[in-house]
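Novice: Following this message is one structure expressed as structure tokens.
The values are calculated or read from the model by the stated rules, or taken from the named source; none is laboratory data. Just so it is clear, the model here is predicted, and its values are computed rather than measured. Note: ideal-geometry Cβ built from the backbone for every residue, glycine included; neighbour counts use all protein chains shown.
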Amino acid sequence: MLSLRQRLITVHLLAILAAVGATAGAGWWVLSQSVNRQLDTALLALAEAEAAMLTDGDGAVIRVHEAPQGSAPPSLTRLDRLVQIIDQQGWILARSSNLGTEDLPASSHLLDQLAAGRTVFETLPDTSEEPLRMVSVPARVKGRLYAVQVAGSLDDANSTLRSAALLFAAMAVALMAALGWAGARLSRKLFVAIENIVEQAGRIEDNHLDRRLPHPGGDDEIGHLVTTLNAMLERIEGAFETQRRFTADASHELRSPLSRLRAEIEITLRRPRESGDYVAALRSCLDEVERLTTLVEELLMLARIDAGQERAPGEPVALAPLVRDTIARMAAPAHERGIALTCSGAIADDVRVDHAALGLVLRNLLENALKFSPPGGSIEIGLTHITGTGTVQLTVADQGPGIAEAELPYVFDRFFRGTGARASADAGVGLGLALSQSIMRASGGTITAANRPGGGALFTLQLKETS
């Protein structure tokens, strides 16, 4: 099995051979037609001149008109031209002196064509020592048919064509050699670069994703390919690093409640206790189980969103009723903490957005705001229709300590918990905001975090309206 480089060179050479061969063949054919046409033209001119003189002589004297020796300069038009005059039966009536005792052939088929008034060209390969080209021209004198036959040697024409064939062949070989060398050199440079890329790519493993492919240095297709592959490797490295960090954080978050659950059960079972102690221990274990259940559900939802499988199966939902319903659900825990939930701004009930678990996003933001809002504070939910853009904006603002400026870029990272969250008695696992951002992206929206000028955190959601 030939390699790709060998196949490429083979196809390249075959294409060159076909192109050069066709060009050389066409050139040789055109040259041969030109050379033979010139010979035919010269023979025909001489034959027509003899036929004209035969007609003007009224047939009284039939002869070939040749200049006597020594009486005139040599005639180049008659050099090596054999001339013969025959009647309609093919009998030779006159011939040129250079024919000697030989004669030019006159077949019955030729005589029939001459009788029909046709001028006939023939090639005679074996009539004499040299191949001949002959033209026969009919001439009528006083009702009688005669024919003038003029023949000339093909040696010069054939010699010219042989020389041309050798010249074309030499040019074709030289051109093929030059193009073949250039093609082999270019393909070698190309495949050396590809082999370097393949060799380096073979060394890149999941624990060495920081390596990159060697750039050939040129701004060509290979350079663009390497740049694209390196960009892809960079994205893969980022994805692997995110996955690795996510796995480590998830393992840690799962291990901590399990460790607490196991420790509490072991302590409870060390000695007999009152029934109230067992109930308290079971309630504590139930809290840890609920925490684990929530964590696993959020991890599964994030995994489905990452795989592109988490999309709202139903129709788009009306935004205003959804916001009112979520606020109503969060009213009880807000009342327990002494925090007021207020909604400012309004949009029409028929404004609809892609569902994509938007209720879960809003609930996560409200739960997050409740954790950090001081008793007696308030949480403001704002609804705005951005005119002319087909976009609706939803904001959640609390009166808590806000987010440290250094932590703002990381609030949507998975398992990230800021200093305020870690200090909270009701600390979460750090998945709520990450899950909210993933849901918003899956539904074509955005979510941003900022600090309010007067204190507190401000989360802003923007979604496109749907019909």
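Rundown of residues vs (1) at pLDDT 85 or above; (2) buried (at least 18 other Cβ atoms within 10 Å of the Cβ); (3) over 30 Å from ASP398 (Cα atoms); (4) of a type in the set (D, E, K, R), yes/no style:
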position: ARG291; (1), (2), (3), (4): no, no, no, yes
position: GLY314; (1), (2), (3), (4): no, no, yes, no
position: GLU336; (1), (2), (3), (4): yes, no, no, yes
position: ARG352; (1), (2), (3), (4): no, yes, no, yes
position: LEU360; (1), (2), (3), (4): no, no, no, no
position: GLU367; (1), (2), (3), (4): yes, no, no, yes
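Novice: Let me ask something else. I'm checking my understanding of the structure. Among residues of the stretch 100-112 that are in a loop (DSSP other than H, G, I, E, B) and among the hydroxyl-bearing types (Ser, Thr, Tyr), which one is nearest to the chain's Cα centre (by Cα)?
Specialist: SER107
Novice: Determine whether the stretch 113-124 contains at least one residue that is in the same structural domain as ARG81 (by TED's automatic domain parsing), touching a residue at least 12 places away in the same chain (Cβ under 8 Å), basic (Lys, Arg) and assigned to a strand (DSSP E or B).
Specialist: No, the conditions are met nowhere in the stretch 113-124.
Novice: Only one of ILE447, ILE381 is assigned by TED's automatic domain parsing to the domain that holds ILE327, touching a Cys at 6+ places or on another chain (Cβ under 8 Å) and either modelled with pLDDT under 85 or under 28 Å from ARG304 (Cβ atoms) (or both). Can you tell me which?
Specialist: Working: ILE447 fails: touching a Cys at 6+ places or on another chain (Cβ under 8 Å).
Selected residue: ILE381, the only one of ILE447, ILE381 that is assigned by TED's automatic domain parsing to the domain that holds ILE327, touching a Cys at 6+ places or on another chain (Cβ under 8 Å) and either modelled with pLDDT under 85 or under 28 Å from ARG304 (Cβ atoms) (or both).
Novice: Sticking with this one: I need a count of the residues in the stretch 313-353 that are part of a strand (DSSP E or B) and closer than 29 Å to THR387 by Cβ.
Specialist: The total comes to 8.
Novice: Next question. Scan the stretch 231-244 residue by residue and report those that are at pLDDT below 85 and closer than 14 Å to HIS215 by Cα.
Specialist: Once the filter is applied, which keeps residues that are at pLDDT below 85 and closer than 14 Å to HIS215 by Cα, the stretch 231-244 yields only LEU233.
Novice: Can you pull out the residues in the stretch 396-411 that are touching a residue at least 40 places away in the same chain (Cβ under 8 Å) and either surrounded by 21 or more Cβ atoms within 10 Å (Cβ to Cβ) or not in a helix (DSSP H, G or I) (or both)?
Specialist: At the first step, the residues of the stretch 396-411 found to be touching a residue at least 40 places away in the same chain (Cβ under 8 Å) are 396-403, 405, 408.
VAL396, ALA397, ASP398, GLN399, GLY400, PRO401, GLY402, ILE403, listed by residue number.
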